[in-house]
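J.: One structure coming up, written as structure tokens, with questions to follow.
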Ligand code: CMP
């Protein structure tokens with residue numbers, strides 16, 4: 001698992017001690033095209049990094065974004081402690097690394113690089129969705 005994490009930019013720069021801690025809890029999940037991971041309005045307890053494949057981000061009836069390899073999603077409900085602001089549907093068969101809310105918050109608190117990357121992305125996404 002550590003080698004897998006090192007191959008993904010989101011985790012790649014983390015020191016081995018952090019990678020070891022994350023590798024104990026991170027889970028790899030596989031979903032086929034068409035699978036709905038969660039829906040707008042659901043409570044959120046996990047965030048996801050795409051190892052391969054792609055997903056659609058859907059608000060109302062509209063596909064507002066497509067995210068592929070190395071992108072992440074599901075962070076906004078965890079940051080805001082609110083509901084999912086979009087539905088996520090798998091577009092092409094996907095391998096996803098899944099982090100719990102606690103692990104995600106721990107990562108933000110202990111890794112400025114990840115905290116910066118996530119906060120920039122959240123601001124961009126909020127602005128796009130206005
Ligand atoms: P969350 O609100 O937890 O669940 C839906 C996810 O869709 C959200 O987190 C973001 O990860 C993602 N998302 C929302 N808006 C956008 C956007 N404009 N571009 C890319 N991803 C988005």
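J.: With every atom except the alpha carbons ignored, what do you get for Rg and Dmax of region 45-130, in angstroms?
T.: Gyration radius and largest Cα-Cα distance of region 45-130: 12.5, 37 Å.
J.: Express in nm, to one decimal, how much length is gained between residue 63 and residue 28 on full extension, taking 0.36 nm for each residue of separation and deducting their alpha carbon distance.
T.: Additional length available on full extension: 10.1 nm.
J.: Something else: Any chance you could give the angle, 0 to 90 degrees and rounded to 10, that helix 16-25 forms with the longest Cα principal axis of the chain?
T.: 50 degrees
J.: For n ≥ 4 DSSP H runs only, could you compute -39500 (n - 2.57) per run for the chain, divide by its residues and tell me the 222 nm figure to the nearest 500?
T.: Counting only the DSSP helices, I get -11500 deg cm²/dmol.
J.: How much length is gained on full extension from residue 129 to residue 2, taking 0.36 nm per residue of separation minus their Cα-Cα distance?
T.: 42.3 nm
J.: Could you tell me how many degrees, from 0 to 90 and to the nearest 10, lie between the Cα long axis of helix 112-129 and the main elongation axis, the longest principal axis, of the Cα atoms of the chain?
T.: 0 degrees
J.: Extension gain residue 105-residue 17, at 0.36 nm per residue separation less the Cα-Cα distance, in nm?
T.: Separation in residues times 0.36 nm, less the Cα-Cα distance, equals 30.0 nm.
J.: For helix 101-110, what angle does its Cα long axis make with the longest principal axis of the chain, in degrees from 0 to 90 and rounded to 10?
T.: The angle comes out near 60 degrees.
J.: Can you tell me how region 32-73 classifies by the Cα gyration tensor, rounded, prolate or oblate, using a/c under 1.5 as the rounded cut?
T.: Verdict is oblate for region 32-73.
Throughout, read-outs are computed from the coordinates displayed, never taken from laboratory work. The shown structure was predicted, so the numbers you read here are calculated from the model rather than taken from an experiment.
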